[in-house]
Amino acid sequence: MYMTKMNMGNVDIAISKRLEPFGETVFATWSRLAVEHDAINLGQGFPDFEAPEFIKEAAIKAIRDGENQYSRSAGHPKLVQAIADTFEISVDPFEEVSVTCGSTETIAAAILGLVNPGDEVIVIEPFYDSYLACLSMAGAVVKIVTLHTPTFKLNEDELRKAFTDRTKMIIVNSPHNPTGRVFNKEELTLIASLATKHDAIVLSDEVYDKLVLTGSHIPIATLPQMKNRTITLRSLGKVFSVTGWKIGWAVAPKHLTNPIRNAHQFLTFCAATPLQVAAAEALRAPESYFSEYTTAYRERRDLLVEGLRSVGFNVHTPEGTYFVLADHTPFDFEDDISFCLHLVKTCRVAGIPPSSFYANSTEGRGLVRFAFCKGLDTLNNAVERLQGLAKT
Ligand code: GLN
């Protein structure tokens, strides 16, 4: 945890009220614990295998070709063109696409650019942790809707109750981190109809759009009348195994794009130029790249899900993303944190305790999140180490 107060001579420095409730992110904490205990890290979501050669070569070439100065703030022309060309509906690359330093920045830019203090924003829990921190920085009033265990389906009554005349935005994430749910047409149509009725913006976080392992992903912007009120977030990191490149983008109509760009120009101005050029080339990879990528992930998912079941966890098979939420209650620990501490210290496997992804419900205390963006050997070794749980 960060200190909230420190002393600089005579001056008392305290973290701002907006960030006071948020300590170090759970991802940093558990990656550090994984290193300390020499554990297999199935916590923070990043691959332990290399990015494909073609994307690395494209970045090296872009640097050699002199693509080394600031790019256009809203995105390198080559990248915004590639994003528009590969997007599901027709969009203007120069007016409706904005490139940022990863989707974590797009989330911040969209919230800071569009939400005023006192505006209500609906967040579906469990949620990605930066949503609440950015909403707090913007002074928003947060309304939470829970995806309940064990199916994590969207509850119509609870969603209806969360919408009011003051709802400015709803944040939707599908494929969903950490549950692995991919919202179906019925759930997305419900969100779309309520957003339309209450004239709310939909911030649709689709960074796992290429990681649909069962069923199919419907971008909410493609539903009737939704393009005009939807901001779609996508990124490069997951699909090309380059999470450290931090290249993300927002696709949105002009009236929503302009506020995002206003915030982005003061947050980072532009993303890394040579990496944007490489991203433009990568997005034009042949269809076989994407289908092989999904097939490989299906194998990783099945290995981990079956392994976890064999150890004694109850698991809801993820339809998408590279995460699985498992119910650890068969092992009789007090909560998710005590379970994960035991796991990292004794079994030497790191997971993420998901209670910090919940604001209302305590359901996260009985769960643990594992990431399967790892080589098959890593996953096999992790399952073998987890067998130790049966003996506790
Ligand atoms: N999205 C990643 C995860 O859920 C973490 C990203 C980060 O650490 N900023 O594990």
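One table, with the values for the structure above:
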quantity	calculated
Enumerated helices (runs of 4 or more DSSP H) restricted to the stretch 11-90, each holding at least 2 residues that are within 21 Å of the chain's Cα centre (by Cα) and either at pLDDT 95 or above or away from the ligand (no atom under 15 Å from the Cβ) (or both)	26-36, 77-86
For residue 296: the one exception among (1) hydrophobic (A, V, I, L, M, F, W, C); (2) farther than 14 Å from residue 99 by Cβ; (3) touching a Gly at 6+ places or on another chain (Cβ under 9 Å)	(3)
Filtered residues of the stretch 194-251 (kept if under 30 Å from residue 53 (Cα atoms) and acidic (Asp, Glu))	205, 206, 209
Which numbered condition residue 270 misses (of (1) away from the ligand (no atom under 16 Å from the Cβ); (2) surrounded by fewer than 19 Cβ atoms within 10 Å (Cβ to Cβ))	(2)
Inter-residue pairs, beta-carbon under 7 Å, first in contact (Cβ under 8 Å) with a residue 60 or more places away in the chain and in the stretch 177-192, second among the charged types (D, E, K, R) and surrounded by 21 or more Cβ atoms within 10 Å (Cβ to Cβ), 6+ apart	178/369; 180/319; 181/319; 182/319
Of all residues making up the stretch 156-192, the number that are in contact with a strand residue (DSSP E or B) (Cβ under 7 Å, 6 or more places away or on another chain) and within 21 Å of residue 316 (Cα to Cα)	8
Residue match in the stretch 150-158 (condition: farther than 25 Å from residue 133 by Cα and either surrounded by 15 or more Cβ atoms within 10 Å (Cβ to Cβ) or within 16 Å of the ligand (Cβ to nearest atom) (or both))	no
Residues being away from the ligand (no atom under 16 Å from the Cβ), part of a loop (DSSP other than H, G, I, E, B) and closer than 24 Å to residue 44 by Cα - total across the stretch 112-144	0
Pair list, Cβ < 7 Å and 6+ apart or interchain, from the stretch 75-94 residues that are over 16 Å from residue 274 (Cα atoms) to residues that are of a type in the set (S, T, N, Q) and at pLDDT 95 or above	88/222; 89/222; 93/81
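The values are calculated or read from the model by the stated rules, or taken from the named source; none is laboratory data. This is a predicted model, so every value here is computed, not measured. Glycine gets a Cβ as well: all are built from the backbone with ideal geometry, and neighbour counts include every protein chain shown.
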